[in-house]
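Each reported figure results from applying straightforward, stated rules to the coordinates on display, with no laboratory input. Remember, it's a predicted structure, so these values are computed and weren't measured experimentally. Note: ideal-geometry Cβ built from the backbone for every residue, glycine included; neighbour counts use all protein chains shown.
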Amino acid sequence: MFRITGVVPLAVGVGTLERLLPLLIGLLALSAAPANAGVVKLDFTNSTPWAQAQNQTSFTTMIGDLTVTLTASVGSNSKITFNSSTNERAGCKRGWTGSIHDLACGGDGLGVGDDEITEGGIERITVDFSRPVQLTNIELMDLFNNNSEVEKALISINNGTSWLQYTSNNGPGGYYSTNLGGWGIARIVFKGYSDAVSDYALARISLLVEDPVPEPASAAMILLGLAGLKAIRRRRRHASV
């Protein structure tokens, strides 16, 4: 007989354990599988918590168990800006008409120094995640196209050296949805295009985040024990022949 001790003692036969082995393996596989992915929307137009980033060089917050860190970089004025002026809020809210977007519009998003991420490629906002995530979209505000000024945004995934370019489609309030996605994203960097007109605000980053559940060590020990019992029983059968 084989006894598993715990809160409630359990005594079963080796044969019974062998018959239960497939079920136990299935349960262990479920326990080791990652939990369902949850949608996380970092709405930088929402004053909670992003207004706290105002005038900070670096700002860190927790979204569930995911740590998100924002860092501004540009010359001597490396400060994050959360612009909640009446005009900026009104510009963001233009996108509510026709359900273009559902941003909170407590401001128009995050910028650097004087309000937005400005042209020239010097001003940057870097967003770091405590673990790799799945990116499903990035949305911008204040990316305008009024014929004489066609603004462009540059975004880099992970390495900060190769850049994706997005040109304004003249959305309401300069709203632009990049529909950018990807797996294993740990860092996103934003900067302005190197011209004399481009600037924009970071409005929202949408993610799918999984919480992996590690396999319990005790469960692994049970599997090893069952495998050992099966081997012992096989030897006994051969010895009795």
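Quick notes on this structure:
- Order by protection proxy (mean Cβ within 10 Å, highest first), peptides 176-183, 57-64: 176-183, 57-64
- Cα gyration tensor shape for the range 48-105, rounded if a/c is under 1.5, else prolate or oblate: oblate
- The Rg/Rh ratio for the range 31-178, using Cα coordinates for both the radius of gyration and the Kirkwood hydrodynamic radius, is 0.97.
- Taking amide H atoms as placed 1.01 Å from N in the peptide plane, the amide H of residue 131 lies under 5 Å from those of 67, each 5 or more residues away in sequence or on another chain.
- Each label point was placed 7 Å from the Cα along the Cα-to-Cβ direction; for residue 67 and residue 195 their separation is 3.9 nm.
- Rounded if a/c under 1.5, otherwise prolate or oblate - the range 158-206, Cα gyration tensor axes: oblate
- Rg over Rh for the range 134-182 works out to 1.01, using Cα positions for both radii and the Kirkwood form for Rh.
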